[in-house]
Amino acid sequence: MKIFLDTANMEHIRHGVSLGVVTGVTTNPSLISKEGKVDYQKVVKEICSIVPGPVSTEVLSENAQGMVEEAREIAGWADNIVVKIPASVAGVEATSRLAREGIKVNFTLCFSLNQAMLGAAAGAAFISPFVGRLDDIGEDGMEVVADIVEYVDYYELPTEIIAASIRHPQHCLAAARVGSHIATVPYKVLLQMIQHPLTDSGIERFRDDWRKVMAREGLL
Ligand code: G3P
């Protein structure tokens, strides 16, 4: 499963990329506004220059024509741009039109297999089911991811599934278990994924045992 970072924080993106494990980034207007930045284009271009793989950024228009025009402009910002289009009726039309033009779409705000089927039929390169937000309303977000993954795999569709709205490391495990192609995770979750108390105590014990040897040999 590929790991993307779900953030617009430059420092976090640089760190994730320097670890060599983050191969893409997803952003949205909420994440960009959280960073206190107003120049949307500048922020997205900077992210694209740091990240080796796809960088998803969202349109704000709510009608198909507006989405298509916005997406065409955004697609020109960098080679690795993917345009996020919401899973609405207008979004399906915009996705179909953009896919025909060769513009990569991340079909976002997806909460059901029905929405995903239409996104895939429209030619979306990526589909993003929002796990945490489904859990928030008492549904099983990961079950939706599992259904969508099974669907695209069964029909051998070229669409990649991004488990999004990931809130904790258990979501990452579950996404991997159901075969999600990608999980886009907040920076905090990325760091939590590598944490284990036995690793910390193991490092400490190796260091202490070796120090004892060095001390015994008079080398400390
Ligand atoms: O990738 C989608 C994500 O940004 C939404 O996350 O936590 O606001 O549901 P959240």
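Computed from the coordinates by the stated procedures, all read-outs in this text should not be read as laboratory data. In this text, all values refer to a predicted model and were calculated from it rather than measured experimentally. As a convention, Cβ positions derive from the backbone with ideal geometry for all residues, glycine included, and neighbour counts pool all protein chains shown.
General observations
- Looking across region 113-140, the residues that are within 17 Å of F4 (Cβ to Cβ) and of a type in the set (G, A, S) come down to A124, A125, S128, G132.
- Top-ranked residue in region 176-192 [being within 20 Å of V152 (Cα to Cα) and within 12 Å of the ligand (Cβ to nearest atom); ranked as nearest to the chain's Cα centre (by Cα)]: T184
- Filtered residue count, region 134-168, keeping only those that are surrounded by fewer than 20 Cβ atoms within 10 Å (Cβ to Cβ), in contact with a helix residue (DSSP H, G or I) (Cβ under 7 Å, 6 or more places away or on another chain) and within 22 Å of A8 (Cβ to Cβ): 2
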